[in-house]
Amino acid sequence: MKHKRVAILLSGGGSNMVALADSMTGEHPARPCLVLSNDPTAAGLKKAADRGIPTSAVDHRPFKGDRSAFEAELRKPLQDARPDIVCLAGFMRVLTGDFVSDFQGRMLNIHPSLLPKYKGLNTHARAISAGDAEHGCTVHEVTAALDDGPVLGQARVPINVGDTPETLAARVLVWEHKLYPAVLRRFAAGDKTPVQMP
Ligand code: GRF
């Protein structure tokens, strides 16, 4: 079987990349082809290299906010890897509509909230201060609008009395590592039926 090629973009520790990479074995229709970061020191790059996955990094800082110049460089290793699917996994740079449009319909992202609630940052603190009973994470198709594309999966967790953003984030992260691989497996098989967890 010809495997779908999956590129994973990250900015930090890469725990979601590890979950995705380690899920792509056996009968899984996809295999990782590149792990790419905007930070050459991202710990996730070493985790990928330890797994024998090709890695690359384009430091965004020299571009000083010139997004299109940064993205012109970022495209190079990404296009060389010929991905069928691109997974943003803890990738902390906002991508322009131009960049996203090259991958429209085959770029996924995981966001730590129950979208459409809490787009953007500090999602755990915002859910706690809103007094929500539950929170969670969402995998969605990436479109030009931030954290806004069609939902491909969600995992829900309770917000417990006394939760801090840290304790809640840790509870959500456990489910991110279950949800993202489940969504990728389905998506790579051509099935966009949303995954609901638990
Ligand atoms: C995760 O909380 C994820 O929801 C967000 O980035 C955080 C770090 O992810 N997108 P990772 O450990 O680098 O995969």
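The values are calculated or read from the model by the stated rules, or taken from the named source; none is laboratory data. Everything numeric here is computed off the predicted structure, so don't read it as measured data. Please note: Cβ atoms are built from the backbone with ideal geometry, for glycine as well, and neighbour counts cover all protein chains shown. When the accessible area is computed, the model is the full protein with side chains, heavy atoms only, and any ligands, DNA or RNA have been set aside. Shrake-Rupley method; radii C 1.70, N 1.55, O 1.52, S 1.80 Å.
Applying the condition of being farther than 27 Å from MET24 by Cβ and of a type in the set (Gly, Ala, Ser) to region 60-81 and asking which residue is most open to solvent (accessible area, probe 1.4 Å) yields SER68. Of the residues making up region 1-23, those that are of a type outside the set (S, T, N, Q) and either surrounded by 21 or more Cβ atoms within 10 Å (Cβ to Cβ) or within 9 Å of the ligand (Cβ to nearest atom) (or both) number 13. Return yes when ALA7 is touching a strand residue (DSSP E or B) at 6+ places or on another chain (Cβ under 8 Å), more than 12 Å from GLY90 (Cβ to Cβ) and not in a strand (DSSP E or B) and no when it is not. The answer is no for ALA7.
Could you tell me which residue of region 42-59 is surrounded by the most Cβ atoms within 10 Å (Cβ to Cβ), considering only residues that are within 16 Å of the ligand (Cβ to nearest atom) and touching a residue at least 24 places away in the same chain (Cβ under 8 Å)? Going through the qualifying residues, I end up with GLY44. Of the strands (runs of 3 or more DSSP E) lying entirely inside region 83-198, those containing at least 2 residues that are touching a Pro at 6+ places or on another chain (Cβ under 6 Å) are 134-141, 151-158. Among the residues of region 82-95, those that are open to solvent by 10 Å² or more (accessible area, probe 1.4 Å) and away from the ligand (no atom under 11 Å from the Cβ) comprise ARG82, PRO83, ASP84, ARG93, VAL94, LEU95. Just to be sure, is ASP39 buried (at least 17 other Cβ atoms within 10 Å of the Cβ), over 15 Å from the mean Cα position of the chain (by Cα) and either of a type in the set (Val, Ile, Thr) or not in a helix (DSSP H, G or I) (or both)? Taking the combined requirement at face value, the residue satisfies it.
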